[in-house]
RNA sequence: UGGGGUGUAGCCAAGCGGUAAGGCAACGGGUUUUGGUCCCGUCAUUCGGAGGUUCGAAUCCUUCCACCCCAG
């Protein structure tokens, strides 16, 4: 069965390729570049070609820079300009890796795209496929996949679903292979030096200006440098000396004001979510769901009600406030992704 | 001008004769396919200045300076 494997250069996708090959698939390697074809990218492509040749697999390199700029980078910048905290990786999965890339791959004669994501798809001969957390709880990436639609999941394959991160390199070594790129992908791939604030400044977009920092009692504490430089829950970088650490509680876009407070005030009992992707119809969700509003923060129990503007999410226990623009992912008790959406308040 | 009070790192602050706690901020690093969180590390040869007492002073004494409060 023909299947395209999206190779990034990292260890994960390379092992995915090997596993599929050994399972009897007929894989084709696809490498998409998002950031143009500079010398670094050229070298990466050459190295990937070498590895693929070693495995007897054809490699196709695709230039998705333009789509990536339009579909990921531009919305990312616009979101910050509006005072939101976007999650570009979640959108990239929906729009690029399981969007544009899948379309491109169909032109190569494959209806399936495999990636090195740590997540599980259960096909139980039912529609749509069930998206579940990966076996490696510490590495589970279902959170970032929660915006991938039912139709897109039909074309997806996650060969690493049952694997643990620490096994991957050893398995590659067993096959005489190693990752082409030294570091694992992390941080925002299109942001140089890992500083999104500098990146925003050179994009030429109108960004919010300086404004006041106040606490929940309205007391003035200082000045902020533009709301796009802060996010809800942030501690470092406020520059305020107090007897205890202060966190960003809220960004008041209308008044261009940053509200801060001590950790004891850093909790929310609800949030509102614009549902973008329902992998299970909301009417079929259990009364209690697990909601995750951040990749690292553990999921918490919540009750969800349909409201005019999406979903009203009531947390069973107060938790750190979710930043508007971030992704909320809803899970069943069994770890199935029920849906995902964008937090807006 | 009388009377009282306070001066310890960028901010807050402990110490009250035995050789400068702690918190915040800042900076550096670690964790992490988003932002953020979290964790670790660094950060006053010196206590407003100058003298003195003492084996030894941020701590006691003298004096000067600065700021604050109350009177007028």
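Here, each number is a calculation from the coordinates, and none is a lab measurement. Computed from a predicted model, the values in this text were never measured in an experiment. Quick reminder, even Gly has a Cβ in these numbers, built from the backbone with ideal geometry, and neighbours come from all protein chains shown.
Results, tabulated for the structure shown:
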| item | result |
| --- | --- |
| Extended-chain gain in nm, criterion 0.36 nm per residue less alpha-carbon gap, residue A:189 and residue A:269 | 25.5 nm |
| Theoretical gain in end-to-end length, residue A:181 to residue A:333 [0.36 nm per residue, Cα-Cα removed] | 51.1 nm |
| Rounded to whole Å, sorted largest first: equivalent-ellipsoid semi-axes of segment A:84-202, Cα gyration tensor | 25, 21, 15 |
| CD proxy at 222 nm, helix term only [per DSSP H run n ≥ 4: -39500 (n - 2.57); per residue of chain A; nearest 500] | -5500 deg cm²/dmol |
| Angstrom value of the Kirkwood radius, inverse mean 1/r, which spans all Cα pairs in chain A | 21.6 Å |
| Distance histogram for segment A:251-345 (every C-alpha pair counted, 10 angstrom bins, percent rounded to whole numbers) | 16, 50, 26, 8, 0 |
| Helix A:165-174 vs. chain A, principal-axis angle (Cα, 0 to 90°, nearest 10) | 20 degrees |
| Spacing of the two label points (7 Å from each Cα toward its C-beta) at residue A:244 and residue A:305, in nm | 3.2 nm |
| Residue A:40-residue A:1 FRET efficiency (beta carbon distance; Förster radius 41 Å; 0.05 resolution) | 0.75 |
| Acute angle (nearest 10 degrees) that the helix A:11-22 long axis makes with the longest principal axis of chain A, alpha-carbon atoms | 40 degrees |
| Residue list for segment A:69-90, given a label point 7 angstrom along the Cα-to-Cβ vector of residue A:197 and an amide N cut-off under 20 Å | A:76-88 |
